[in-house]
Amino acid sequence: MNIIQKMLFKTGSIKIASEYKPFWYTSGTIGPYFINTHYLFGGEKIATELLSFIDENINSHDFTTILTEKIISFLNENIEFKEIIMEFYSSIKNNKKFLESHYVSGGERRDWFFSIPIAYLSNKPHLFIFKNLKVIQDNKEIYDIQNKNVTHIADLITQASSYERAWIPAIKNINGNIIFTASIVDRNQGGKEYLTKNNIESFSSVVIDNDFFDLALKNKIINLAQLELIKEFHKSPELYGKNFIFNNIDFLIESLKSEDKSIKTKAERCVKENPYKIDFEKIL
């Protein structure tokens, strides 16, 4: 395994469920693993503290300066995070599209954990894209970059919905072009195909597929039972979820009664929105 693959597990950025207790997702569905790529920033505690710092300071007049200083300081102090970023940067620094890019951009909020270091190492100006489509550089709103090329750095690509909704339109609004994007993780859920259709070349350090988890088994990070459930999930997330809940109704009942508000809310959404088309009246 390469450095980034190993650190995804070491930092808890990827958590694998036991074969008896899958994770609840926000959508009210379940799955055998959970990904928080930003935990690569020193682990869950430090990464969560940085998100809180962003939330508390995002409206400050000097926000982009203080966030940049904070992340670059950590990059230079934390050996493991620096190894991750250097491996990531080494993978893209000679890419033709990256070399043709005048700017590096990152989207609010988790992209900034990685886009700021890449801009710093490549000596390219960093564009902070906000969810409201504003683009900030050096604490000032940007309105026109005169048809210049941009590389967008992301923590995670799933279906590329954030690109469609915000990142691509935001850069177009300031007369720019995203020609290349690089992410730490690709969840392999159609995002790459969407980007290709929009003439954006993409690269991801880690692709979440069966080969990745085969490697995790080989390195004794997961067991065979977990691997089999992951492969079942990859084959059909809908069938995986329906079969698990139908055969483990106590899991759903316990989740609905959980004192953990997050788990309870997601389980309630599962019953209310019924993504798995289960006849809950017969089994609850």
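Details
- Of all residue pairs spaced 6 or more apart or on separate chains, those with beta-carbon atoms under 9 Å, a first member in region 256-268 that is of a type in the set (S, T, N, Q) and a second member that is surrounded by 15 or more Cβ atoms within 10 Å (Cβ to Cβ) are Ser258/Lys264; Ser258/Ala267; Ser262/Trp24; Thr265/Trp24; Thr265/Gly28.
- In region 215-257, of all residues being under 27 Å from the mean Cα position of the chain (by Cα) and not in a helix (DSSP H, G or I), the one that is surrounded by the fewest Cβ atoms within 10 Å (Cβ to Cβ) corresponds to Lys220.
- Contacts under 6 angstrom Cβ, first residue in region 1-19 being under 19 Å from Ser204 (Cα atoms) and assigned to a helix (DSSP H, G or I), partner among the aliphatic types (A, V, I, L, M) and at pLDDT 95 or above, 6 or more apart: Ile4/Ile84; Ile4/Val206; Gln5/Val206; Met7/Leu40; Met7/Ile84; Leu8/Ile14
- Residues of region 270-284 satisfying the condition of being part of a helix (DSSP H, G or I), surrounded by 11 or more Cβ atoms within 10 Å (Cβ to Cβ) and either touching a residue at least 24 places away in the same chain (Cβ under 8 Å) or not aromatic (Phe, Trp, Tyr) (or both): Cys270, Val271, Glu273, Ile283
Matching residues to (1) assigned by TED's automatic domain parsing to the domain that holds Gly31; (2) closer than 18 Å to Val135 by Cα:
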| site | (1), (2) |
| --- | --- |
| Ile153 | no, yes |
| Arg165 | no, yes |
| Ala170 | no, yes |
| Asn175 | no, yes |
| Val206 | no, no |
| Ile230 | yes, no |
| Phe233 | yes, no |
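- Of the residues in region 76-96, at least one is more than 29 Å from Lys10 (Cα to Cα), more than 21 Å from the chain's Cα centre (by Cα) and either part of a loop (DSSP other than H, G, I, E, B) or of a type outside the set (Gly, Ala, Ser) (or both).
The values are calculated or read from the model by the stated rules, or taken from the named source; none is laboratory data. Note that the structure is predicted; figures quoted are calculated from it, not measured. A quick note on method: Cβ atoms are made from the backbone with ideal geometry, for glycine too, and the neighbour counts reach across all protein chains shown.
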